[in-house]
Amino acid sequence: MANTVKVRVPGTTANCGPGFDAVGIACTIYNDLELTVSQEAGISLEVTGEGAGAIPADSSNVVVKAIQMVMDKTGQHYKGISLRMKNNIPLSRGLGSSAAAIVGGLVAANELTGNRLNKETILDMATAIEGHPDNVAPAIFGGITVSIMDSGHAHYLRFLPPVDFSMVAVIPEFNLSTRAARKVLPVSIPFADAVFNVSRSALLIGSLATGELKLLLHALEDRLHQPYREQLIPGMAQVLAAARQAGALGAALSGAGPCLLAFTTENSDEVGRAMTKAFEIHKVQAKYQVLKIDRQGAIII
Ligand SMILES: Nc1ncnc2c1ncn2[C@@H]1O[C@H](COP(=O)(O)OP(=O)(O)OP(=O)(O)O)[C@@H](O)[C@H]1O
Ligand SMILES: N[C@@H](CCO)C(=O)O
């Protein structure tokens, strides 16, 4: 059996406004992970790109955790783990870096232990590590996913939209961990806000599935997490407004932020420039990237 494998995993944008912890989209921004296993004890790590110098080379690393989970599940243990990462997905910005790391570790280790786990099992394992399925599902399957948890198992729907669109990801230079961004969320919300989100998230999936993208303006509205997270992202409301004024179909917080994401069918660069400029007014340096939907999810390369 081979002892080295290389995996490519897409970044992901989760929530998409109202679909908190449920909706995710795989994006054309990728991390490459090379895993080599051996019986020589130790963990080695080489990182180029995002996270170089900041990612730990020990069992606290989520990639290592994911690999060890596969070894425990399959009963095939290796003492030596050597990792080489080429990362394009920025860490703690809302583009699914942790999901990509977890999925990369699971898919790579599965390949080196005889491919015993199917994608649904990998989804359950990834969700157990990440805590919610919205980023890991599109990282595994590509496309747009809606996922729910039931008794420890993730159930998902995956689809591709019938029309083409772009996603303008505006990435501030500061980090915001998902943990910190979840701490500001309330324990309960008013019934009217729950109704607001149910209607918008239903409209969101309907709009993406049918290609009625004009509905995104309302379908990206949210009262479950964005209003509470606004305090963590200087200028958030103004940057989202700038996206719409520049011609975006709609815009929302990407994952737990601080990245903000606009949906466009034209003038993507104009939208990106307007959003970075609005951030600048609030003394936040940001860059933008125009992304498309990744259709494949994690693949062996
Ligand atoms: N390539 C990687 N290798 C190992 N660990 C990583 C890697 N990328 C990210 N991580 C871990 O994931 C953490 C970031 O996860 P976090 O959930 O806060 O942000 P995110 O996944 O980038 O954003 P979001 O979940 O909002 O999309 C990092 O601090 C690091 O611990
Ligand atoms: N649904 C998650 C995505 C980030 O991991 C959140 O918003 O906290």
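The values are calculated or read from the model by the stated rules, or taken from the named source; none is laboratory data. Keep in mind it's a predicted model, so treat the numbers as computed, not measured. In this analysis, Cβ positions are derived from the backbone assuming ideal geometry, glycine residues included, and neighbour counts consider all displayed protein chains. With ligands, DNA and RNA removed, areas are computed over all heavy atoms of the protein, side chains included. Shrake-Rupley method; radii C 1.70, N 1.55, O 1.52, S 1.80 Å.
What Kirkwood hydrodynamic radius, in Å, does the range 166-291 give when the mean of 1/r is taken over all pairs of distinct Cα atoms and then inverted? Walk me through the numbers on the way to the answer.
Values: mean 1/r = 0.0675 Å⁻¹.
Every distinct Cα pair counted, the radius reaches 14.8 Å.
Between V290 and E230, the modelled labels are 3.0 nm apart [label points 7 Å from Cα along Cα→Cβ].
Packing-wise, with mean Cβ within 10 Å as the measure, how do 22-35, 185-198 rank, highest first? Walk me through the numbers on the way to the answer.
Working: 22-35: 23.7, 185-198: 11.7.
Put in order of decreasing packing, that is 22-35, 185-198.
Each of the peptides 147-157, 165-175 was scored by the mean count of other Cβ atoms within 10 Å over its residues; in descending order, highest first, they stand as 165-175, 147-157.
In percent, what relative contact order does the chain have, based on Cα pairs under 8 Å that are 6 or more apart in sequence? Write down the numbers at each step before the final one.
Details: 709 pairs, mean separation 75.5, N = 301.
Answer for the chain is 25 percent.
What's the tally of Lys pairs in the chain whose alpha-carbon atoms lie under 16 angstrom apart, where the two lysines are 8 or more places apart or on different chains?
Numbers: K6/K86; K65/K73; K65/K79; K73/K119; K277/K287.
For the chain, qualifying lysine pairs total 5.
With a cut-off of at most 16 other beta carbons within 10 Å, and DSSP calling the residue loop, which GluC sites (Glu not before Pro) in the range 222-301 qualify? Please list them.
Working: sites: E230, E266, E270, E280; in loops: E266.
Here the GluC sites (Glu not before Pro) that fit, given the DSSP loop and packing criteria, are E266.
Solvent-accessible area per residue for the range 145-186 at a 1.4 Å probe radius, Å²?
Numbers: 2320 Å² over 42 residues.
Per-residue value: 55 Å².
Here the Karplus relation 6.51 cos²θ - 1.76 cosθ + 1.60, evaluated at θ = phi - 60°, turns the backbone of the range 137-152 into coupling constants of 4, x, 5, 7, 9, x, x, 9, 10, 10, 10, 10, 10, 9, 6, x Hz, with x for every Gly and Pro.
Measuring between their Cα centroids, the range 173-191 and the range 16-51 lie 23 Å from each other. Only Cα pairs under 8 Å and at least 6 apart count here; give the relative contact order of the range 166-291 as a rounded whole percent. Result for the range 166-291 is 39 percent. Here the calculated FRET efficiency for D164 and I301, from their Cβ-Cβ distance with R0 = 30 Å, stands at 0.75, rounded to the nearest 0.05.
Residues whose amide H comes within less than 5 Å of that of A154, counting only those at least five positions distant or on another chain, are D124 (H built at 1.01 Å from N in the peptide plane).
Annotation: the antiparallel percentage among DSSP beta bridges lying fully within the chain is about 85.
With N the number of residues in the chain, Rg(Cα) / (2.2 N^0.38 Å) evaluates to 0.99.
Taking 7 Å steps out from each Cα toward its Cβ at Q245 and F174 produces label points 2.2 nm apart. Taking trypsin sites (Lys or Arg not before Pro) as exposed when their DSSP state is a loop state and no more than 16 other Cβ atoms lie within 10 Å, the longest site-free interval of the chain runs over 117-282.
As a fraction of the 1.4 Å probe accessible area of the range 166-291, surface on carbon and sulfur atoms comes out at 54 percent.
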